[in-house]
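Okay, so here's the structure we're looking at.
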Amino acid sequence: MSEVKTNKISSLASNNDITLDPDGTGDVVVAAGHKLGIGTSSPDTSLHISAASSARLRLEDTTNSVKADILVGDTSSVIGNASNHDLAFMTNDANRMTITSGGNVGIGTSSPAVALHVQAGS
């Protein structure tokens with residue numbers, strides 16, 4: 001029978017922050033107040049990602065090959081889709097605007113048939 005081992009991460013910092021630091025650069029910090037920092041030792045929001053030249057957050061559904069990115073680079077910021085799928089903007093759990101993988105934009109419709117398709121609500 002194999003031995004069961006328990007790993008434990010604890011904090012020795014006076015502020016009770018927890019640092020995961022595999023290479024000595026303070027890569028991931030779990031700070032007081034429910035803040036998670038990646039690439040920063042002092043996260044100031046719920047999720048704070050910091051990088052020297054650009055920072056990217058990727059969410060991926062590997063079953064359906066869908067990748068969504070938020071990228072902050074040297075000269076621009078991008079919210080986008082890194083796969084051949086539509087990009088939808090929603091409020092109140094309803095689609096309000098769609099940009100198709102072909103570049104058509106639909107406001108009030110999730111299936112724009114032309115470059116800019118505006119459909120009034122009922």
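The values are calculated or read from the model by the stated rules, or taken from the named source; none is laboratory data. The model shown is predicted, which means the values in this text are computed figures rather than measured ones. Please note: Cβ atoms are built from the backbone with ideal geometry, for glycine as well, and neighbour counts cover all protein chains shown. Side chains included, ligands, DNA and RNA excluded: accessible areas come from the protein's heavy atoms. Shrake-Rupley method; radii C 1.70, N 1.55, O 1.52, S 1.80 Å.
Just one of the listed residues (G26, G37) is modelled with pLDDT under 70, open to solvent by less than 70 Å² (accessible area, probe 1.4 Å) and closer than 30 Å to V78 by Cβ, namely G26. Among the residues of the stretch 31-55, those that are assigned to a loop (DSSP other than H, G, I, E, B), in contact with a strand residue (DSSP E or B) (Cβ under 9 Å, 6 or more places away or on another chain) and at negative phi comprise T40, S41, S42, P43, D44, T45, S46, S50, A51, S54.
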